[in-house]
Amino acid sequence: MIYLDYNATAPYSPSVKCFISEQMSEMWANPSSEYPISVELSEKISQVRNSLAEYLNCSSKSLVFTSGATESINTVLSLETLKKLGVETIISSLMEHHATLDRLKFLKANGIDVSFISNDINGNLNLSEFQNLVGPKTLSSFLFANNETGVINPIQEMTKISHQAGGLFHTDAVQGFGKIKIDLEALDVDFASFSGHKIGSLKGIGFHFARDIRKIHPLLQGGSQERGLRPGTINFAGIWTLGLALSDLSINDIEKVIELKNNLEKSLVEQFGFKINCFETNRLPNTVSVRMPGKVAREVLFSLARLGICVSTGSACTSGSFEPSHVMKSLGFDRETAGSCLRISLGPLNSNEDIEILINKLKGLYGN
Ligand code: PLP
């Protein structure tokens, strides 16, 4: 099998694999109890929190573990947190992940004003619209990088604009985490959401950053875990594997992935006449969104899947019929064009051979 869908989830990193097969069964204690087997796990959790804080350049006190980015986003964008912050308007984009978009739909139905700024066909957000909307009672929420196009938003600039107007800023940083440098101090965001499985941890673990943790209202009420900000028995295995996956990240992998991506894009364009979406825009090193005129991306996906190659489309099944990706539609593509877009997302375990096999299989299917 050739796995080319890292933006959906990453395979377990080498240290995580080793932990699962050799140590996990011994580390079952409740980290909040007070005997040595638990204290040991609690200390390990502090180590992971400190490593994350160092990696992201923030205080370890500003990080709260959750079940994943969906929960983190829902916590920051909860009615209670918004009330605590005095937020009346949320500013966002139609290209956001459903974790944000569906939350915003709920907020809107509950009386919160939600405004979306527009974007161009290259995935660039309209910053003058943004500038006109921000104010002292706004919370802006934007992806650090888009999961389908890979476009990296100018978060530092947007945070500055928001802060100058007295507003707050949250970023869904899931797709940037582990792929490019994220410096929370430099970005100056107020809140950020992260997920572990996109870098190779177990699933069901994530965390959020809040510059001032007192500004977050807990989504759940219960015990005092995570200082009462995220009650519920701590997911030790998730947190520990998040730390292990973090320790497996390497700058060399990023360089290798950039080279693979460049080779892949060149072949897709030169050999098939396909187009790369948002080609000129600043994008993640691993993400290729390819437009295949005259093809139905879901059919390409299934043909490749039968040949053992995993890629994706951003389409969603609504009442039994497939809707092309909302992101592709937001770029301004009509239904047919949006439905011809395929996402190929690479990772450190991919090789030049994987790219060659993909290209050869596509040739076998469609000629060139
Ligand atoms: N945000 C983005 C950009 C994502 O790609 C994902 C995962 O698909 C999420 C949020 C949700 O993350 P999780 O699976 O941790 O809830």
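Report, by residue number, each residue of region 224-236 that is open to solvent by less than 40 Å² (accessible area, probe 1.4 Å) and not aromatic (F, W, Y). Those that are open to solvent by less than 40 Å² (accessible area, probe 1.4 Å) and not aromatic (F, W, Y): Q225, E226, G228, L229, P231, G232, I234. So G178 clears everything in (1) open to solvent by less than 20 Å² (accessible area, probe 1.4 Å); (2) under 18 Å from M95 (Cα atoms) except one condition, right? Which one? That leaves (2) as the condition not met. Within region 153-174, does at least one residue satisfy the condition of being over 22 Å from S92 (Cβ atoms), more than 10 Å from the ligand (Cβ to nearest atom) and open to solvent by less than 10 Å² (accessible area, probe 1.4 Å)? No - not one qualifying residue is present in region 153-174. Exactly one residue among G243, G238 is within 11 Å of the ligand (Cβ to nearest atom) and under 20 Å from the mean Cα position of the chain (by Cα), and that residue is G238.
When the residues of region 91-108 are narrowed to those that are away from the ligand (no atom under 16 Å from the Cβ) and farther than 14 Å from L143 by Cα, which ends up least open to solvent (accessible area, probe 1.4 Å)? Working first, answer last.
Pass one, region 91-108, residues away from the ligand (no atom under 16 Å from the Cβ): 91, 107-108.
Now restrict to residues that are farther than 14 Å from L143 by Cα: 107-108.
Details: L107: 0, K108: 123 Å².
Applying the filter and picking the extreme gives L107.
Filter region 1-35 down to the residues that are of a type in the set (A, V, I, L, M, F, W, C), part of a loop (DSSP other than H, G, I, E, B) and more than 16 Å from the ligand (Cβ to nearest atom) and list them by number.
Across region 1-35, the qualifying residues are M1, M27, W28, A29.
The set of residues in region 237-249 that are small (G, A, S) and either outside any helix (DSSP H, G or I) or open to solvent by 30 Å² or more (accessible area, probe 1.4 Å) (or both) contains only S247. G111 meets each of the listed conditions (1) surrounded by fewer than 21 Cβ atoms within 10 Å (Cβ to Cβ); (2) touching a strand residue (DSSP E or B) at 6+ places or on another chain (Cβ under 9 Å) apart from (2). Residue pairs whose Cβ atoms lie under 8 Å apart, separated by 6 or more positions or on different chains, with the first residue in region 52-67 and in a helix (DSSP H, G or I) and the second among the polar types (S, T, N, Q), are L52/S60; A53/S59; A53/S60; A53/S62; S60/S46; S60/N50.
Matching residues to (1) assigned to a strand (DSSP E or B); (2) under 23 Å from the mean Cα position of the chain (by Cα); (3) loosely packed, with under 14 Cβ neighbours inside 10 Å:
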| position | (1), (2), (3) |
| --- | --- |
| G294 | no, no, yes |
| L301 | no, yes, no |
| M328 | no, yes, no |
| G332 | no, yes, yes |
| E336 | no, no, yes |
| R343 | yes, yes, no |
| N350 | no, yes, no |
| I355 | no, no, no |
| L362 | no, no, no |
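Of the set (1) among the hydrophobic types (A, V, I, L, M, F, W, C); (2) within 14 Å of the ligand (Cβ to nearest atom); (3) in a helix (DSSP H, G or I), all apply to L219 but (3).
Pairs meeting the criteria (first residue in region 3-28 and farther than 29 Å from G314 by Cβ and in contact (Cβ under 8 Å) with a residue 40 or more places away in the chain, second residue among the charged types (D, E, K, R) and more than 16 Å from the ligand (Cβ to nearest atom), beta carbons under 7 Å, at least 6 apart or on different chains) are P14/D248; S15/D248.
Looking only at region 133-146, filter to residues that are surrounded by 14 or more Cβ atoms within 10 Å (Cβ to Cβ) and more than 22 Å from the chain's Cα centre (by Cα); which one of those is nearest to D172 (Cα to Cα)? Going through the qualifying residues, I end up with T138. Condition test on K203, is it open to solvent by 10 Å² or more (accessible area, probe 1.4 Å) and more than 16 Å from the ligand (Cβ to nearest atom)? The answer is no for K203.
The values are calculated or read from the model by the stated rules, or taken from the named source; none is laboratory data. Since the model is a prediction, treat every value here as computed from it, not as a measurement. Ideal geometry is used to build each Cβ from the backbone, glycine not excepted, and the neighbour counts take in all protein chains shown. Keep in mind that these areas ignore ligands, DNA and RNA; they rest on the heavy atoms of the full protein, side chains included. Shrake-Rupley method; radii C 1.70, N 1.55, O 1.52, S 1.80 Å.
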